[in-house]
1. Please order 153, 148, 160, 77 by the number of other Cβ within 10 Å, starting at the fewest.
2. From the alpha carbon gyration tensor of segment 83-180, can you work out the equivalent ellipsoid semi-axes (sqrt of 5 times each eigenvalue) and give them in Å, largest to smallest?
3. Express in nm, to one decimal, how much length is gained between residue 208 and residue 76 on full extension, taking 0.36 nm for each residue of separation and deducting their alpha carbon distance.
4. Considering the Cα positions of segment 112-158, please state its Rg to one decimal place and its Dmax as a whole number of Å.
5. Compute the FRET efficiency between residue 156 and residue 32 as 1/(1 + (r/R0)^6), taking r as their Cβ-Cβ distance and R0 = 45 Å, and round to the nearest 0.05.
6. When averaged across all projection directions, what area in nm² does the alpha-carbon convex hull of segment 65-131 cover?
């Protein structure tokens, strides 16, 4: 993390765990994003979309959290920040080369609806880079699990296999995945810090990040607290075959709840 990144991150409303998580997704996206249009879904203050913009992307971040977006407009390399519902994106079909979404899908009542929209606005051959809560061992610590879910409004949890199924139904092929906090000890640490420490607790525990990364590399890539996935939209996917209920193009207005950025 460069000094300029540290200065921006000090005001960013997430914890150092998210830096590792979103940083990995951005590295998968690529170092040179010139000529590419990138959308961050439920991007809060737009910090991560701003990182994509620093790499040359035409970056857009959407959210419903006005306060976070107002702050985001003061950040260096601020992307375009648009207040809108992630379940009714105001963009034409095939508008983006890449879609980023950092631990947002678990906050939706219907994660499939959010993926409908992400897939719709993605160009054929474009990619989705997203993460989601898994909490694979959370049943061993029910109090921590329930407190975490209540604090961060977690509606559902996912694995790479459950995301693979949802994505396949929407014309997306899962091409890679990675779990973080793979061991029992690190998963319990994650739940404890997220539940009782929040952003301050995670940032205070930042010196442990290299140890967590080492533990992850030594453990099987099968379970953890968070899963990161990369999926590619199939060429020639027809909207009428992909969009739920025979709807074509942008989802019609309804009363379904969108989301604000979560943790």
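1. Ranked by crowding around the Cβ, least crowded first: 153, 77, 160, 148.
2. 26, 16, 10
3. Result: 44.7 nm gained on full extension.
4. When restricted to the Cα atoms of segment 112-158, Rg and Dmax are 14.7, 43 Å.
5. 0.80
6. Numbers: hull surface 19.8 nm².
Computing the convex hull of the Cα atoms and averaging its projections yields 5.0 nm².
Where a number appears in this text, it was derived from the coordinates with a stated rule and is not lab data. Values in this document were obtained by computation on a predicted structure and should not be read as measured data. Neighbour counts run over all protein chains shown; Cβ positions are idealised from the backbone, glycine included.
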